[in-house]
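The values are calculated or read from the model by the stated rules, or taken from the named source; none is laboratory data. Everything numeric here is computed off the predicted structure, so don't read it as measured data. Neighbour counts run over all protein chains shown; Cβ positions are idealised from the backbone, glycine included. Heads up: the accessible areas ignore ligands, DNA and RNA and are worked out on the full protein's heavy atoms, side chains in. Shrake-Rupley method; radii C 1.70, N 1.55, O 1.52, S 1.80 Å.
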Amino acid sequence: MAEIAYVARGTIPPSPPPPSEVGVVRWLRENLFSSTGNTILTLVAAWVVVEVFLALLPWLGGAVWNAGSLSECRAISPGGACLAVINERFNQFLFGFYPAEGYWRPSLAFLGLLAAIAPVLFTALPRKMLWFSGIYPLLAYWLIFGGSVWGPLMVLAAVVAAAALARAVARLSGEVAGMIAGVLAAALMFLFAVDPLSGWLADAVPIGLAPVSSDQIGGFTLTLIIGVTGIAGSLPIGIVLALGRQSNLPLVKALCVGFIEFIRGVPLITLLFVAHVLLNIFLPPGTEFDKLLRVLILVTLFASAYIAEVIRGGLAALPKGQYEAAAALGLDYWKSMRLVILPQALKISIPGIVNTFIGLFKDTTLVSVIAMFDPLGIITPIRADQNWNGIVWELYGFVALFFFICCYGMSRYSMYLERRLKTDHR
Amino acid sequence: MRKITVLAATAAIGLGAAAQAATLEEVKARGQLNCGVATGVPGFAFTDASGEWDGFDVAVCRAVAAAVLGDPKAVKFVPTTGKTRFTALASGEVDMLSRNTTWTFSRDVDLKFDFVGINYYDGQGFMVRKDLGVTSAKELDGATVCIQTGTTTELNLADFFRINNMSYEPVPIETNAEAQQKYLANACDVYTTDASGLAATRATFEDAANHIILPEIISKEPLGPLVRHGDNEWGDIVRWTLNALIAAEELGITSANVMEMAKAPTSNPEINRMLGTEGNLGAMMGLDKDWAARAIAAVGNYGEIFERYIGEKTPIGLPRGLNAQWTQGGLMYSPPFR
């Protein structure tokens, strides 16, 4: 008798999924053509992308890199991009009117910037690198603006001395006293000791670089100086303002609220005009109050008001229990802020903070209205050259590319930071 | 309290006046002329490949620096925008302004500046596509016009169309670059701005021959360098440096032959007076006798400057027109050096 197999001897091997449910086909079906509406949108989007590429490709493909003028470009490759202008004016885009023999100085300062922000951004790097980040501002200042090496060195010495004093006093009579002593000592040294000492040292041992005035600085160097200073300066000031706004001390609170609301109530461009135009009239003629310095202070204050509000949002989002728990542990105000409240509040605020930074970085282009030559501003005199008059897309596209790289980088970093700090269980 | 304020104000004004009265000394002590220029006007102010400022207006700064300091490179160029230019001059940030600025009553009187002369007679014109078939601005009834907002050109345009009983549709634009794009994209039939700007814009078109600039000039735009009220000695120096450049063309002095002519008296006494081989005109305004010779040697005479930056051989290709010497039917006329 033949056996009737009605029980399977083994498991039936899984058959391959239908072709419409695997790989590319499935992905396409699910993501691009899942419904009639989606299909239409996909087709329209694909058509737009193809059109843009078809328009861009011959333009970029026919790009001319070496020519003396726009008409030469057109003669070599009609309809192609005339990138020769960027080739010829590349140094102006990077450094503005910085003396050519000193191009290595901002370049070195830029490399230093990368080294200085790396340990701040990525905790995996050795913590000792933070020392370099600490002295970097002075180093960069000296490299870019030149002058005697003793000025920045004396500033560094004064800061170190003040910090040491603050620590010693703090050990003897508490943190607050230490802080006050440190600030007082620093103020006294900056008022009375730093200038004469560095002047005397500069006369005795003249070491330094050729000084460069701030109106010679332009291009991407200027953007980075304003952007990085504004970002680095506005975060601490913003934190202090946000805490001040929540303070129980009426005077502190009123000051912080007044400052924040004033700055937020006035457009940046108005403040720039005031700093540039009105200060000149009020100050006696001949007073040199550096234009770049004015802009730096303004941009930093402006951004810090916005940062303060972003962080206030983070502080408000914390449940009240966190404040109470910190108090119950016996932590004083500063410790509870430093150890419990701010780490959580800042984490919540990351997208808002980075958003403000990106906005600030792009706002640096506003300085062109007060005749400072950021990359956008430097396009005007380049286009006024008879050789290049009439070029539009190449120049603005190049600047846009630079800003896109910087801003996209910041945005990616903020996403990375959010992932790394993610401690919740969602 | 009030007395103190008044005192402080007086002191501040006094300081200001004192600082203003001695611009020449200040410039000499500084070793550098602070000259306000535009942030970029084709042919008039631009940067070359090495980042040096150059152009028709810039040449005036260099001529003054050569006359006063003996070095055409001893200039700190302070780029100014249309919004910052007047405060830069009034506050003393710059010693003079050489920046496509129209000489008007209110700027001269109300803003308290002295226009020391005119280095370019401009006027508002129209550019149209040739295939529009228009040959005169009076045929522009109903046209769409690209016009920069907030400028005198906007007001001139309105006046012109009203006087001629015509209507137009304005297409407001912000900058010259935007105007070029709009006009080329057929967003407007007509582009109007100063005739020099039209010529510069047209020169950048791939098909420049298909566009024409209409013959009508509908406004007077005398452009010239200016200084602050209150320091007439300094104003004289800038005025006569400009006059020296203009007179040099009339008298046939060029950057090539000026040093030769300045060596020994020539047969023309006016040349001798100007170049310092006769009389002491330079000393009258606190300069040495070679001041004019240095200025001309540095940048050339007016005609040379014109040809170099905006003349017919350049891409901008402006004809001399009103800016020819008075002997050639133009308006360039320097008072005598006597």
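Note the full-extension length gain between B:Glu270 and B:His229 as 0.36 nm times their separation in residues minus their Cα-Cα distance, in nm to one decimal. It would help to have the intermediate numbers written out before the result.
Working: separation 41, 0.36 × 41 = 14.76 nm, distance 2.97 nm.
Here the segment from B:Glu270 to B:His229 would lengthen by 11.8 nm.
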Restricting to the protein assembly as shown, what percent of DSSP beta bridges are antiparallel, rounded to 5?
55
Computed over the Cα atoms of the stretch B:60-137, the Rg and Dmax in Å are 17.5, 54
Sorting A:Leu241, A:Leu191, A:Leu268 by the position of each Cα along the dipole of chain A (Lys, Arg +1; Asp, Glu -1; all at Cβ), the one nearest the positive end of that ordering is A:Leu241
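How large a share of the accessible area of chain A, in percent, is made up of carbon and sulfur atoms when the probe is 1.4 Å and the other protein chains stay in place? Don't jump to the answer; show the numbers that get you there.
Numbers: 17470 of 24450 Å².
Its accessible area is 71 percent carbon and sulfur atoms.
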Ignoring ligands, DNA and RNA, the residues of the stretch B:40-82 whose accessible area with a 1.4 Å probe is reduced by 10 Å² or more relative to the chain alone are B:Gly40, B:Pro42, B:Phe46, B:Thr47, B:Asp48, B:Ala49, B:Gly51, B:Trp53, B:Lys76, B:Pro79, B:Thr81
Just grab the label-to-label distance for B:Trp326 and B:Glu307, each label 7 Å out from Cα along the Cβ direction, in nm (one decimal).
2.3
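With an 8 Å Cα cut-off and a minimum separation of 6 or more residues, compute the relative contact order for chain A in percent.
Details: 418 pairs, mean separation 66.4, N = 426.
Dividing the mean separation by the residue count of chain A yields 16 percent.
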Have a look at the stretch A:379-395 and report residues whose accessible surface goes down by 50 Å² or more when the remaining protein chains are included, against the chain on its own, probe 1.4 Å, ligands and DNA/RNA excluded.
A:Pro381, A:Ala384, A:Gln386, A:Asn389
Distant alpha-carbon pairs in the protein assembly as shown (separation over 44 angstrom), percent
42
Pop a pseudo-label 7 angstrom from the Cα along the beta-carbon direction at both A:Phe190 and A:Asp203 and give the gap in nm to one decimal.
2.5
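How big is the A/B interface in buried accessible area, both sides summed, 1.4 Å probe, to the nearest 100 Å²? Before the final figure, lay out each step's value.
Numbers: alone 25770 and 16000 Å², together 39170 Å².
For A against B, buried area totals roughly 2600 Å².
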I'd like the distance separating the alpha-carbon centroids of the stretch A:291-337 and the stretch B:272-304, in whole Å.
66
In chain A, what cysteines have no partner Cβ closer than 4.7 Å?
A:Cys256, A:Cys406, A:Cys407
Counting each DSSP H run of 4 or more residues in the protein assembly as shown as -39500 (n - 2.57), what helix-only mean residue ellipticity at 222 nm follows after dividing by all residues, to the nearest 500 deg cm²/dmol?
-17500 deg cm²/dmol
Please label the shape of the stretch A:140-234 as rounded, prolate or oblate, based on the square roots a ≥ b ≥ c of the eigenvalues of the alpha-carbon gyration tensor (a/c under 1.5 means rounded; beyond that, a/b larger than b/c means prolate, else oblate).
oblate
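Relative contact order of chain B, please, whole-number percent, based on alpha carbon pairs below 8 angstrom and at least 6 residues apart.
21
Normalised by the residues of the stretch B:39-155, what does the relative contact order come to in percent, with Cα pairs under 8 Å and at least six apart? Please list the in-between numbers first.
Details: 69 pairs, mean separation 15.6, N = 117.
This gives 13 percent for the stretch B:39-155.
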Equivalent ellipsoid semi-axes for chain B, as square roots of 5 times the alpha carbon gyration tensor eigenvalues: give them largest first, rounded to whole Å.
37, 27, 17
Sorted largest first, the C-alpha extents of the stretch A:200-338 along its principal axes in whole angstrom are 58, 40, 30
Under 1.5 on a/c is rounded, so check that first for the stretch B:95-240, then, if it is not, pick prolate when a/b is larger than b/c and oblate when it is not; a ≥ b ≥ c are the square roots of the alpha carbon gyration tensor eigenvalues.
prolate
Estimated inter-spin distance, A:Ala163 and A:Met179, nm [label 7 Å along Cα→Cβ]:
1.7
Quick check on chain A: take the gyration tensor over C-alpha atoms, sort the square-rooted eigenvalues as a ≥ b ≥ c, and tell me if it's rounded (a/c under 1.5), prolate or oblate.
oblate
How big is the gap, in Å, between the Cα center of the stretch A:123-168 and the Cα center of the stretch A:91-108?
24
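Compute, for the stretch B:124-219, the length of the dipole vector about the Cα centre, with Cβ point charges of +1 (Lys, Arg) and -1 (Asp, Glu) only. Units Debye, rounded to 20. Don't skip to the answer; put the middle values down first.
Details: 6 positive and 13 negative charges, 25 e Å.
Magnitude of the dipole: close to 120 debye.
Run the count for chain A, please: Lys pairs, Cα-Cα under 18 angstrom, 8 or more apart or on different chains.
On the way: A:Lys320/A:Lys335; A:Lys320/A:Lys347; A:Lys335/A:Lys347; A:Lys347/A:Lys422.
Count of close lysine pairs: 4.
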Contact-by-burial set, the stretch A:82-99, min loss 20 Å², accessible area of protein heavy atoms with 1.4 Å probe, reference chain alone, gives A:Glu88, A:Arg89, A:Gln92, A:Phe97
Check the straight Cα-Cα distances from B:Lys182 and name the lysines below 18 Å, setting aside those fewer than 8 residues away within the same chain.
B:Lys130
